[in-house]
Amino acid sequence: MAAAAVEIRMAAVFGEARPENGDHDADALPRRPVLFHAHAHSQGPLRVVATDLRSLAWHCSLDLDDLQDLQDDVGIGGSCSDFLDYLYSSFSSAQVKLLFPAAQGADTAELVATKAKGLPRITISLHPVATSALKDVIADFSLALYVSYKTKQEHASREQERASQLMESLASERVVASPSKVPPAKATKRVAHVSRRLARVRGALLQDADEDDTVID
């Protein structure tokens, strides 16, 4: 029986890659912030794109064999799924750089990510996007970034609505469970005091009425 095919699956992750030069002149580095996007679906390779969203972009695609070679280079054991989880955590960290090794030429870049200090780092070679495809790559990057933003916004909205419903439910349960309030003692005394005053007024009126009847007779 043939073994089941291994799926390459990793959630999309966006971030900023800080440009750093090797032996190149600092003026040769991108002057604008560089963003990157890495993702993998079950029916395709791991795709990585880095761009300044203006005039520069680098990319690469890693199939299963490439990922296994990268895993061996990094020195992390486990399954392909475990390694993809490590990749995702590394890309999600704040330790992501875009290097330009002098030995590979000014056009080639390396995306370097470290999950945490002291752990193995990920190094992925990126190649420049052809000028003819640059606009499409940047457009696809921008659209994917917007879709990711909308998805997170909708998720946050659902979580907020769920939290509001929970608070309303808890408030209703407290109202049902709490006993009815007894009128304060001061209010009871005030009612009694008013009743006595009314009784005295009625007595005075009745007495005046009797005196008037006596005078008429």
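The values are calculated or read from the model by the stated rules, or taken from the named source; none is laboratory data. Everything numeric in this text was worked out from a predicted model, so none of it was measured. Please note: Cβ atoms are built from the backbone with ideal geometry, for glycine as well, and neighbour counts cover all protein chains shown.
Considering the conditions (1) of a type in the set (A, V, I, L, M, F, W, C); (2) in contact with a strand residue (DSSP E or B) (Cβ under 6 Å, 6 or more places away or on another chain); (3) outside any helix (DSSP H, G or I); (4) more than 15 Å from residue 51 (Cβ to Cβ), residue 116 is excluded by exactly one of them, (2).
Can you say whether residue 61 is closer than 18 Å to residue 126 by Cβ and without any contact (Cβ under 8 Å) to a residue 24 or more places away in the chain, as far as the supplied structure shows? Judged against the criteria, residue 61 is a match.
What number of residues within the stretch 84-113 satisfy the criterion of being under 23 Å from residue 64 (Cβ atoms) and assigned to a helix (DSSP H, G or I)? Let's see the steps before the verdict.
In the first step, residues of the stretch 84-113 are kept if they are under 23 Å from residue 64 (Cβ atoms); the result is 84-92, 110-113.
Now narrow it down to the ones that are assigned to a helix (DSSP H, G or I): 84-92.
Of the residues in the stretch 84-113, 9 are under 23 Å from residue 64 (Cβ atoms) and assigned to a helix (DSSP H, G or I).
Whether any residue in the stretch 38-60 is at pLDDT below 90 and buried (at least 19 other Cβ atoms within 10 Å of the Cβ) is what I want to check. Yes; the residues of the stretch 38-60 include at least one that is at pLDDT below 90 and buried (at least 19 other Cβ atoms within 10 Å of the Cβ). Annotation: of all residues in the stretch 1-37 being of a type in the set (A, V, I, L, M, F, W, C) and either closer than 14 Å to residue 110 by Cβ or assigned to a helix (DSSP H, G or I) (or both), the one that is modelled with the highest pLDDT is 36. Would the stretch 106-124 turn up any residue that is of a type in the set (Ser, Thr, Tyr) and under 19 Å from the mean Cα position of the chain (by Cα)? No, the stretch 106-124 has no match at all.
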